[in-house]
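Beneath this line is the structure, given in structure tokens, with notes to follow.
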Amino acid sequence: MIIDNVKIYVKAGDGGNGCVSFRREKYVSHGGPDGGDGGNGGNIVVEIAPGENTLLSYKYRRKFVADNGGDGMKKKFHGKTADDLVLRVPPGTVIKDAESGKVIKDMSECGPFVLCKGGRGGWGNRHFATPTRQIPRFAKSGMAGEEREVIFELKMLADVGLIGLPNAGKSSILAAISAAKPKIADYRFTTLSPNLGVVSTGEGRGFVAADIPGLIEGAADGAGLGHEFLRHIDRCRLLLHVVDASGLDGSPVENIHLINKELANYSDSLADRPQLIVANKIDLFGEDSPALNALREYAEKNGLDYICVSAAAHSNIDKLIRKVDKMLENLPPITIYTPDYIEPDVYNDYDDHTVTVSKVNDVFVVEGDWLYRLMGNVNFEDRESLRYFQRVLNNSGVIDRLRESGCSDGDTVSIYDFEFDFVN
């Protein structure tokens, strides 16, 4: 069974921490701070794997975490930047946000895509040296890498999709018009997964056709096999509606109505997709059978294109290829899904100073994403570092927020387990 829909967790690597270090060498006076910067964390990168047509490699492993960046070292040595973690997917894979279901990226005709950015490395203490702060005993922590749950959904890149009831002859037609070798047998549900075939039309031209497993009544609601693969004809520019023209498998006209109803239940755009009715198995009763005459009358009455073929006898197959090629010339290209997921700006270090202040058991608790990152940069045992922390709280408006919340002299303030008495 083809694996074409998986949910995975991905996390980019965290940035390495900056180093607190001071140069101490013989005969070198005023060495000063020389702490190196941390390295960047590894990205999660998705790239197309040509020739692949399944997400099988993600069936048993659903968690992917990139390496963290190396910490900075003394003598201004930079921490190692971690390697990217590359995930390879088949062409046509759509990446969606698991929570909202919105499209992040369509991996159809593009290069490598950075799905999660690695955290930036923190600065070493040498960056915090000033004329008035010559011995900074603090450095900046590395930022956390992005993390999220995403869905990989494979939607095959095929110009033409063959649809119809089980045993209508879709696989036989695909084998007749291309070099594909799908399993063919005289029983229902022979085809258990989509098959792709490249159809040559001469002079280096051609199109890609996909044989979709047989649909049955209720497929859009989960019945049978076909409902799992309706997504694979989302991109198809043209649908070849294959019907058994012999009438042995029921009325061809009723069968067409049944399949079209399932397409409409699944997607309005799919129901409106151009169709070519392919009346197969004409070798059994010829082109004057009652069932075929009824089908011909239905097609003409509704202005539908149709063609009679026999995949077994290879009758009218070349005519079918030429007709499909001509129809494709006037149809728009394969659909490429545009992203509709808005990426949050997680790298806006301290520009967004949004905080929440709540009072719990007479303690004013202050929280904020940027504030949490700030706490990792402060050495609370160093006076200069504490002054830096106090200056940021003042400049960012945190002290004003505390006053607005009723905090006064002597009240206890807690910022991520660091408590101090408020002084107005």
ask   = Yes or no: TYR341 within 30 Å of GLU99 (Cβ to Cβ), touching a Leu at 6+ places or on another chain (Cβ under 8 Å) and modelled with pLDDT under 80?
value = no
request  = Could you tell me which numbered condition SER100 fails, if it satisfies all but one of (1) under 30 Å from PRO33 (Cβ atoms); (2) surrounded by fewer than 19 Cβ atoms within 10 Å (Cβ to Cβ); (3) at pLDDT below 90?
outcome  = (1)
request  = List every residue pair whose Cβ atoms sit under 6 Å apart, with the two residues 6 or more apart in sequence or on different chains, where the first one lies in segment 365-390 and is in contact (Cβ under 8 Å) with a residue 40 or more places away in the chain and the second, anywhere, is not in a loop (DSSP other than H, G, I, E, B).
outcome  = VAL365/SER358; VAL365/SER414; VAL366/VAL357; VAL366/ILE415; GLU367/THR356; VAL378/SER385; VAL378/PHE389; ASN379/SER385
request  = From the list SER100, SER57, pick out the single residue that is of a type in the set (S, T, N, Q) and without any contact (Cβ under 8 Å) to a residue 60 or more places away in the chain.
outcome  = SER57
remark   = Cβ pairs under 7 Å, 6+ apart or interchain, first in segment 398-424 and over 10 Å from PHE364 (Cβ atoms), second assigned to a strand (DSSP E or B) and among the acidic types (Asp, Glu), ordered by first then second residue, are GLY410/ASP421
remark   = Of the residues in segment 104-122, those that are crowded, with 17+ Cβ neighbours inside 10 Å and in contact with a strand residue (DSSP E or B) (Cβ under 6 Å, 6 or more places away or on another chain) come to ILE104, LYS105, ASP106, MET107, PHE113, LEU115, CYS116
query = Of (1) surrounded by 16 or more Cβ atoms within 10 Å (Cβ to Cβ); (2) in contact (Cβ under 8 Å) with a residue 60 or more places away in the chain; (3) of a type in the set (Asp, Glu), ASP84 satisfies all except one. Which?
reply = (2)
Among the candidates GLY92, GLY79, GLY118, GLY122, residue that is over 28 Å from TRP370 (Cβ atoms) and of a type in the set (Gly, Ala, Ser) = GLY92
task = Name the single residue, out of those in segment 130-181 being of a type in the set (Lys, Arg) and in contact (Cβ under 8 Å) with a residue 60 or more places away in the chain, that is farthest from ALA279 (Cα to Cα).
result = ARG133
query = Across segment 306-323, what is the total count of residues that are outside any helix (DSSP H, G or I), surrounded by 15 or more Cβ atoms within 10 Å (Cβ to Cβ) and not hydrophobic (A, V, I, L, M, F, W, C)?
reply = 4
query = Is it true that GLY202 is modelled with pLDDT of 85 or more and more than 21 Å from ILE3 (Cα to Cα)?
reply = no
ask   = Does segment 259-275 include one or more residues that are closer than 19 Å to ALA158 by Cα, part of a loop (DSSP other than H, G, I, E, B) and modelled with pLDDT under 85?
value = yes
request  = Return the only residue of LYS326, LYS281, LYS261 being exposed (fewer than 14 other Cβ atoms within 10 Å of the Cβ) and either charged (D, E, K, R) or within 32 Å of the chain's Cα centre (by Cα) (or both).
outcome  = LYS326
ask   = Any residue in segment 363-384 that is over 24 Å from GLU147 (Cβ atoms), at pLDDT below 85 and assigned to a helix (DSSP H, G or I)?
value = yes
remark   = Selection from segment 9-33 of residues under 42 Å from the mean Cα position of the chain (by Cα) and surrounded by 19 or more Cβ atoms within 10 Å (Cβ to Cβ) yields VAL10, LYS11, ALA12, GLY13, ASP14, GLY15, GLY16, ASN17, GLY18, CYS19, VAL20
message = Return the residues of segment 74-104 that are among the basic types (Lys, Arg), out of contact with any Ser or Thr (no Cβ under 9 Å at 6 or more places or on another chain) and within 30 Å of GLY51 (Cβ to Cβ); say none if nothing qualifies.
response = LYS96, LYS102
task = Could you check, for segment 183-191, whether at least one of its residues is modelled with pLDDT under 70, farther than 27 Å from LEU292 by Cβ and polar (S, T, N, Q)?
result = no
task = Please indicate, with yes or no, whether at least one residue in segment 403-415 is modelled with pLDDT under 85 and more than 37 Å from the chain's Cα centre (by Cα).
result = no
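The values are calculated or read from the model by the stated rules, or taken from the named source; none is laboratory data. For clarity, every value in this text was computed on a predicted model and none was experimentally measured. Every residue, glycine among them, receives a Cβ derived from its backbone with ideal geometry; neighbour counts consider all protein chains shown.
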